[in-house]
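Visitor: First the structure, which I've put down as structure tokens, then a few questions once you've had a look.
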Amino acid sequence: MSHAIDITQLTKTYAGGHRALCGIDLHVEEGDFFALLGPNGAGKSTTIGIIASLVNMDAGRVSIFGHDLVREPMAARRQIGLVPQEFNFNMFEPVEEIVINQAGYYGLEGSAVRARCEVLLRELGLWEKRREMARNLSGGMKRRLMIARALIHAPRLLILDEPTAGVDIELRRSMWQFLREVNRQGTTIVLTTHYLEEAELLCRNIAIIDQGRIAAHTSMKALLNRLNCETLVLDLMAPIDAPPHLVGVDCGVVQVDAHTLEVTVSRGQGLSGLFAALAAAGVEVLSMRNKSNRLEELFLSLVAQGRQAQRGVGEGE
Amino acid sequence: MVSRAYWVAFKTLLRKEIRRFSRIWVQTILPPVITTALYFIIFGNLIGRQLPAIEGYRYIDYIVPGLILMSIISNAYANVVSSFYGSKFQHYVEEQLIAPIPSWVILIGYLSGGVARGLSVGAAVTLVSQVFTSLPLHNLWVVFSMALLTSILFSLGGFINAVYAQSFDDITIIPTFVLTPLTYLGGIFYSIDMLPESWRCISLGNPILYLINAFRYGFLGVSDIGLLQAYAIVLLFISVLFAYSLYLLKVGRGLKS
Ligand SMILES: Nc1ncnc2c1ncn2[C@@H]1O[C@H](COP(=O)(O)OP(=O)(O)OP(=O)(O)O)[C@@H](O)[C@H]1O
Ligand SMILES: [Mg+2]
């Protein structure tokens, strides 16, 4: 099976001496919908910048559909469409011209390109704005303009660096639908996002990167299976003075205030035992919700584990 | 197949450049035309009448070629320096860096933009000069090749300036403090034979002097220096600056961290 992206031992230290990537390995299969996650400053944009020839790498190997970035740069670049994190088009150019010019840089021109441009601009809701100067677009429209521009040459690999940052919920949903369709038609997609539910919803495989190191590289399913506990927030019918002593269930109980309890239960334990114990302790529950996104909790714990492991290594040296 | 793709990429870059300076023609085309028209009025009609002829030519006829070349120099330079710096500053140069275009195609694309603007302004200024005088044409080939080579050379200068520029101030420093003095002292307004010996020698170290004299030769058939020398100098400078620009673009100086 050919890999859309193959990265081995990639390192990058910026001019200021900051070590942004400390030898990462990353593999994305063809046709995948892949999420690259990580906290601010983790090295996501640096990785993407290197893949897209915008940042020089120090060491390591990157190949795109088998084309080595150093040995066959033109062939590699032809496969990639990029939606960067920051706006990078000429604000004084009209929308349609920006997209058509990008096609020109890939050696494409003529009626076929104009037709494809029209399809993309219509699908992304920009057709009415095609003669508008780019700077007159709203933030969400500017992002969609960058998506149209990235797809004009029909790349096999689409990379999006935080495409939904600052995009309203309705628009985000329509963008998800659009990207799913692009992926369904065979384009490999890699995206970074800080909305974990977005990754959960869209992506089949993920990597978590932190402080320039890969902290996890796995399938979404396997990751979710590793979630072994969740925290429930219980709103109580009547006020309580002290956290109840629950008999017969294995869980952590924290009292937040007189009307609120937080209970952490492990997966597969079942909730009926918990409720029976609560009833036995005389606590009546009014409503219940998950404390936070389970994925977010897992994400934080993975990042924390990675850092701990790293500290261990550091102390050993 | 590949060369066709590069050709399309080049055409796209050039079209984009021409659209850019045409869109803002009030800032790009009009000012040099007005400035040189003022020179023609002042030196041609107002005080030029009282000045003696140089090498058998009326003063206005003697200075017109230099004024045309000066507008070519400053516009070729200005176009590339502001266009490339702008694309770096607003990051849309990335549109080209991620695409499968070799550095030399990108470089030639930007240079062609500078050449297009230099020659457009040069042509406009030449037309305006015809209102004030009627210039002879000694050798069209020399006129055209010098205009072309000069605009290529100063487009390269503008490109290198843009690569190193960190702020908008940096793109005006070289034109103001280097280019303008060298041009004005490059024999637009006088023949160096009229200068004292020491100034004559210093002037010979100014490369722009050779370009202006060769260009004037194309119109009038007179020159302070040898034509071959002028071509040799401009071709040498172009080769060196082209190689250097290409190197800068390849390593991504000022573009890639
Ligand atoms: N051009 C640069 N020069 C110097 N340091 C840089 C540069 N770009 C990024 N860095 C540093 O490299 C590290 C990784 O940055 P990067 O942009 O890759 O993070 P990120 O994962 O994309 O973060 P975010 O989620 O905030 O976008 C950061 O510490 C950042 O400060
Ligand atoms: Mg980033």
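The values are calculated or read from the model by the stated rules, or taken from the named source; none is laboratory data. If you're wondering where the values come from, they're calculated on a predicted model, not measured in any experiment. Note that we place each Cβ from the backbone using ideal geometry, even for glycine, and neighbour counts take in every protein chain shown. Side chains are part of the model used for accessible areas, which takes the heavy atoms of the whole protein and leaves out ligands, DNA and RNA. Shrake-Rupley method; radii C 1.70, N 1.55, O 1.52, S 1.80 Å.
Visitor: How many residues does the stretch A:46-69 contain that are over 20 Å from A:L179 (Cβ atoms), away from ligand 2 (no atom under 16 Å from the Cβ) and within 13 Å of another protein chain (Cβ to nearest Cβ)?
Guide: Residues flagged as over 20 Å from A:L179 (Cβ atoms), away from ligand 2 (no atom under 16 Å from the Cβ) and within 13 Å of another protein chain (Cβ to nearest Cβ) within the stretch A:46-69 amount to 6.
Visitor: A further question on this structure: May I ask you to say which residue of A:G186, A:G140 is at pLDDT below 95, more than 11 Å from the chain's Cα centre (by Cα) and not hydroxyl-bearing (S, T, Y)?
Guide: A:G140
Visitor: Is it the case, given these coordinates, that A:L202 is more than 16 Å from ligand 1 (Cβ to nearest atom) and over 23 Å from A:F299 (Cβ atoms)?
Guide: Answer is no for this residue.
Visitor: Can you tell me which of A:G43, A:G31, A:G17 is under 18 Å from B:S257 (Cβ atoms) and either within 16 Å of ligand 2 (Cβ to nearest atom) or touching a strand residue (DSSP E or B) at 6+ places or on another chain (Cβ under 9 Å) (or both)? Please lay out each step first, then the result.
Guide: On the way: A:G31 fails: under 18 Å from B:S257 (Cβ atoms); A:G17 fails: either within 16 Å of ligand 2 (Cβ to nearest atom) or touching a strand residue (DSSP E or B) at 6+ places or on another chain (Cβ under 9 Å) (or both).
Selected residue: A:G43, the only one of A:G43, A:G31, A:G17 that is under 18 Å from B:S257 (Cβ atoms) and either within 16 Å of ligand 2 (Cβ to nearest atom) or touching a strand residue (DSSP E or B) at 6+ places or on another chain (Cβ under 9 Å) (or both).
Visitor: A follow-up question, please. Please return the ranges of helices (runs of 4 or more DSSP H) entirely within the stretch B:1-49 where 3 or more residues are exposed (fewer than 12 other Cβ atoms within 10 Å of the Cβ) and either within 13 Å of another protein chain (Cβ to nearest Cβ) or at positive phi (or both).
Guide: B:2-23
Visitor: Here are the criteria: (1) more than 14 Å from every other protein chain (Cβ to nearest Cβ); (2) surrounded by fewer than 16 Cβ atoms within 10 Å (Cβ to Cβ). Tell me which single one A:D32 does not satisfy.
Guide: (2)
Visitor: Looking at A:V99, A:V28, which one is touching a Cys at 6+ places or on another chain (Cβ under 8 Å) and either within 24 Å of A:T193 (Cβ to Cβ) or away from ligand 1 (no atom under 11 Å from the Cβ) (or both)?
Guide: A:V99
Visitor: Can you list residue pairs whose Cβ atoms sit under 9 Å apart, with the first residue in the stretch A:231-244 being in contact (Cβ under 8 Å) with a residue 60 or more places away in the chain and the second being open to solvent by 20 Å² or more (accessible area, probe 1.4 Å) and among the polar types (S, T, N, Q)? Count only pairs 6 or more apart in sequence or on different chains.
Guide: A:T231/A:T264; A:T231/A:N290; A:T231/A:S292
Visitor: Is there any pair with a first residue in the stretch A:95-114 that is at the interface with another protein chain (Cβ under 10 Å from one of its Cβ atoms) and over 12 Å from A:R78 (Cα atoms) and a second that is buried (at least 19 other Cβ atoms within 10 Å of the Cβ) and among the hydroxyl-bearing types (S, T, Y) whose Cβ atoms are under 6 Å apart and which are 6 or more apart or on different chains, and what are they?
Guide: A:N101/B:T12; A:G104/B:T12
Visitor: Just to be sure I understand, how many residues within the stretch A:2-29 are among the small types (G, A, S) and over 30 Å from A:N183 (Cα atoms)?
Guide: 3
Visitor: May I pose another question? Looking only at helices (runs of 4 or more DSSP H) that fall completely inside the stretch B:164-223, which ones have 2 or more residues that are at pLDDT 90 or above and of a type in the set (F, W, Y)?
Guide: Working: elements: B:170-174, B:180-184, B:197-204, B:207-220.
Answer list for the stretch B:164-223: B:207-220.
Visitor: Could you run through the stretch B:76-121 and say how many residues are more than 12 Å from the chain's Cα centre (by Cα), open to solvent by less than 10 Å² (accessible area, probe 1.4 Å) and polar (S, T, N, Q)?
Guide: 3
Visitor: Which residue, of B:L149, B:L195, B:L179, is without any contact (Cβ under 8 Å) to a residue 24 or more places away in the chain and open to solvent by less than 50 Å² (accessible area, probe 1.4 Å)?
Guide: B:L195
Visitor: Do you know which residues across the stretch A:184-199 are surrounded by fewer than 19 Cβ atoms within 10 Å (Cβ to Cβ) and more than 16 Å from ligand 1 (Cβ to nearest atom)?
Guide: Listed by number, the residues that qualify are A:R184, A:Q185, A:G186, A:E197.
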